[in-house]
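Enquirer: Please find one structure pasted underneath; my questions will follow.
The values are calculated or read from the model by the stated rules, or taken from the named source; none is laboratory data. Please read these numbers as outputs of a predicted model, since none were measured by experiment. Cβ placement follows ideal geometry from the backbone for every residue including glycine, while neighbour counts extend to all protein chains displayed.
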Amino acid sequence: MLFLFTGFLAYSRLSSREEEAGMVFSNLILATIIVLAVGAVVFGLTVALRTYVKYRGKRVITCPETQKAVAVHVNATNAARKALFGKSYVRLDQCSRWPERQNCGQECLSQVNADPALCLVWNMVDHWYKGKTCAYCQKPFTEIHWHDRHPALLAPDHTCVQWNEVAPEKLPEVFETYLPVCWNCYIAETFRRQNPEKVLDRTWERGPGGEYIPKEDSAAPVAKPATRN
Ligand SMILES: [Zn+2]
């Protein structure tokens with residue numbers, strides 16, 4: 001009887017160890033599946049986010065049909081959604097030639113895919129202003145404000161316009177003939193032009209000791225005349 005009881009105890013211990021080992025094994029498999037699933041989701045989201053960042057924003061490219069500059073916009077949200085599932089699907093959702101040419105083959109996408117950053121409007125504007133000085137105050141442009149206080153452009157007819165008010169497809173042509181103007185000077189010159197009766201140009205300035213110093217005549221900056229083909 002004692003022998004049978006001892007044998008039962010030994011069998012029970014063995015059985016519970018096997019159960020423990022089985023549970024540990026099951027938990028390991030479950031943990032591996034969870035880690036792989038989380039890894040796949042993180043990887044997919046990273047690829048989708050990169051795709052969205054890569055294709056967001058307006059671009060200026062050369063239309064293969066007209067050989068003229070056009071502004072296009074890639075459907076970045078859709079491209080990111082497809083990238084999430086490992087697919088590459090890049091299509092336009094806006095073009096300055098639409099809706100007339102909405103059914104074109106979108107051959108211009110080869111230019112976008114060749115260098116997505118090069119044709120991005122933000123980069124074009126940043127590159128153009130960088131290293132230049134304001135036509136009025138001569139202050140150099142450093143950081144461009146994208147959401148407010150946009151820098152401006154001085155036209156050959158002496159009118160000023162903020163860069164974001166120019167149609168993106170016109171920017172390459174405008175950059176050839178206009179001069180850069182900082183936001184402060186844009187505001188001052190716009191006020192001066194709109195309210196000439198309220199502006200008095202001083203012909204003197206104060207020196208370090210408060211003394212009167214006659215100002216040298218400074219001619220207004222002149223932009224290059226526009227050349228139209
Ligand atoms: Zn200025």
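Enquirer: I'd like to check something: does the range 160-172 contain any residue that is within 16 Å of the ligand (Cβ to nearest atom) and assigned to a loop (DSSP other than H, G, I, E, B)?
Expert: No: zero hits.
Enquirer: Exactly one of these conditions fails for ARG97: (1) crowded, with 17+ Cβ neighbours inside 10 Å; (2) of a type in the set (D, E, K, R); (3) within 16 Å of the ligand (Cβ to nearest atom). Give me its number.
Expert: All conditions are met except number (3).
Enquirer: Something else: Residues ALA152, ALA167, ALA79: which one is touching a helix residue (DSSP H, G or I) at 6+ places or on another chain (Cβ under 6 Å) and in the same structural domain as GLN194 (by TED's automatic domain parsing)?
Expert: One residue alone meets the criteria, ALA152.
Enquirer: Here's another thing I want to ask about it. Go over the candidates ALA135, ALA223 one by one and state the one that is within 16 Å of the ligand (Cβ to nearest atom), surrounded by 12 or more Cβ atoms within 10 Å (Cβ to Cβ), more than 24 Å from the chain's Cα centre (by Cα) and at pLDDT 90 or above.
Expert: After applying the criteria, what remains is ALA135.
Enquirer: Tell me whether the range 165-177 contains one or more residues that are buried (at least 19 other Cβ atoms within 10 Å of the Cβ), out of contact with any Ser or Thr (no Cβ under 6 Å at 6 or more places or on another chain) and either over 22 Å from VAL70 (Cβ atoms) or not β-branched (Val, Ile, Thr) (or both).
Expert: The answer is yes; a qualifying residue exists.
Enquirer: Can I ask one more? Within the range 34-47, is there a residue that is polar (S, T, N, Q), modelled with pLDDT of 85 or more and outside any helix (DSSP H, G or I)?
Expert: No, the range 34-47 contains no residue that is polar (S, T, N, Q), modelled with pLDDT of 85 or more and outside any helix (DSSP H, G or I).
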